[in-house]
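Q: This is the structure I have questions about; it appears just below.
Every read-out reported here was derived from the displayed coordinates using simple, explicitly stated rules and does not represent laboratory data. Since this is a predicted model, take the numbers as computed values, not measurements. So basically every Cβ, Gly included, is an ideal-geometry build from the backbone, and we count neighbours across all protein chains shown.
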Amino acid sequence: MSSASDLPPPDFARNMRLIGHSDQGGRGDGLQLMVHRGYAYIAHPWSGGFSVLDVRDPRHPATVAFVPAPPQTWNIHLQCHDDLMLVVNARDLFADAAFADERAYYTRPVGETVGTAATGGAAERPWTAGVSIFDVSIPASPRQIGFLPVEGVGVHRIWYTGGRWAYVSALLDGFTDYILLIIDLADPTRPRPAGRFWLPGMNRAAEETPTWGAGQRFALHHAVVSGDTAYGCWRDGGLTLINVADRDNPSLIVHRNWSPPFGGGTHSALPLPDRALLVVADEAVLDNQADGLKLTWLFDIREPSNPVSIATLPTPDEFDYPRKGGHFGPHNLHENRPGSFISSTLIFATYQNAGIRVFDISDPYCPRETGALVPAAPTRMIDKRPGRPRVIQSTDVFVDANGLVYATDYNAGLSIIEYHG
């Protein structure tokens, strides 16, 4: 619950106002969130599961349910549409001692670190890997109705906007890291795998040789699909446009990579088909900008086989954020999902220790920042990794159909924000 008198005062705000806040039932850690039919579904990176909040009164959000993850399993991303919600299941990597130093997660293939890249097979595992399908026709009471198991570390993120097909990033046995896996949901109680796509060098089981150097990860974070094109971000492997018209046999349209000279971490793509534009965010992944300045790029995709970068979004500079501690730079974008706020001129983004940002790209060659809100530092740490700084790390942003902005944080709970730009 929250009221105007007890809202945590933001560290900085311009054209944005905090109107609601929740500690999510004492589980302040959040990653992906969806706001659907007046309820917020929030995935937890450390609390092990996901929470449901009633946000029909955004000034007084109330936690109404918590669904725990299976043992040693992440439920860090989820997607809702109509009566269905899809939730990832993967090995809880941040609970693994091998990833206590986050550099191990961001600077080498995960499959090599956890030992699943070399061979296939169905070894006994103490975690659950795959995608859970929930019925959310009663929003406060998610009910699992299906599950797609996979052999490997599991699934990282999903793109699902209704209908038959879902698109996930999955780390399967025999691969160095996460690849694209398409899921057939014709019967959501019995989902089945369809096509796969990966970059050359990722299929170790087929004796492919990696094409990237030491200190890099070629791994699909996720793909956003518009029409028959999947816009995939591959961390240090850059950007792909993939033809998914044949869901059993996806094929490459074009691959672009700007790392090096830039620092990689390509994370989120947002197609704006009515303007033939594509927004692409490179995630900042190391503290104090140790991985260099990360940017959000604007591409002209009038010719899909030749995407051309025409601008970058301005970097927040009203404070010395690299010295603040934690990560500074882009993370997630509001993805213009059906039923949410949809705009081809306003871009909503999280910038980790610089909070939530809004950009106007009416002139695609000269983007402008038109709003910002940096939430207050967390009052307690949920992130269990040793030595993490107690600073804001805004992780995900969702804008509802009424224009209200919802943002999660690794430790500081849910912020609900009005934009006045």
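Q: Among Asp363, Asp23, Asp228, which comes first, then next, by fewest other beta-carbon atoms within 10 Å?
A: Final ranking by Cβ density, sparse to dense: Asp363, Asp228, Asp23.
Q: Sticking with this one: Return the inverse of the average 1/r over all pairs of distinct C-alpha atoms in the stretch 200-324, which is the Kirkwood hydrodynamic radius, in Å to one decimal.
A: 15.6 Å
Q: Still on this structure, I have one more. Hey, got the dipole for the stretch 63-112? About the Cα centre, +1 on K and R Cβ, -1 on D and E Cβ, debye to the nearest 20?
A: Computed charge dipole of the stretch 63-112: roughly 120 debye.
Q: Springs between alpha-carbon pairs under 10 angstrom, Gaussian network model over the chain: which of Pro109, Pro389, Pro330 fluctuates most?
A: Pro389
Q: While we're on this one: Considering the dipole of the chain built from charges on the beta carbon (Lys and Arg +1, Asp and Glu -1) around the Cα centre, which of Tyr321, Ala97, Val131 is farthest to its positive end?
A: Sorting the options by dipole projection puts first Ala97.
Q: Report the residue, chosen from Val67, Val225, Val150, that carries the largest GNM mean-square fluctuation when the chain is represented by alpha-carbon nodes joined by springs under 10 Å.
A: Val67
Q: Another question, then. Could you please report the charge total around Ser340, scoring K, R as +1 and D, E as -1 over all other residues with beta-carbon less than 15 angstrom from its beta-carbon?
A: Local charge sum for Ser340: -2.
Q: Tell me which label goes with the value of volume of the Cα convex hull per residue in Å³ computed from the coordinates here: (1) 125; (2) 138; (3) 218.
A: (1)
Q: Hey, what D do you get for the stretch 134-271 in µm²/s if you plug the Kirkwood alpha-carbon radius into Stokes-Einstein at 37 °C and 0.692 mPa s?
A: The calculation lands on 209 µm²/s.
Q: Mean projection of the alpha-carbon convex hull of the stretch 16-166 over all orientations, in nm²?
A: Value for the stretch 16-166: 10.5 nm².
Q: In debye to the nearest 20, how big a dipole does the chain give about its Cα centre with +1 on each Lys and Arg Cβ and -1 on each Asp and Glu Cβ?
A: Roughly 340 debye, rounded to the nearest 20.
Q: Related question: As I understand it, the dipole of the chain uses +1 on the Cβ of Lys and Arg and -1 on the Cβ of Asp and Glu, about the Cα centre. Which of Gly162, Leu33, Ala269 lies farthest toward its positive end?
A: Of the options given, the answer is Leu33.
Q: Label-point separation (nm) for Asp274 and Ser309, each offset 7 Å from Cα along Cα-to-Cβ?
A: Label at Asp274, label at Ser309, 2.8 nm between them.
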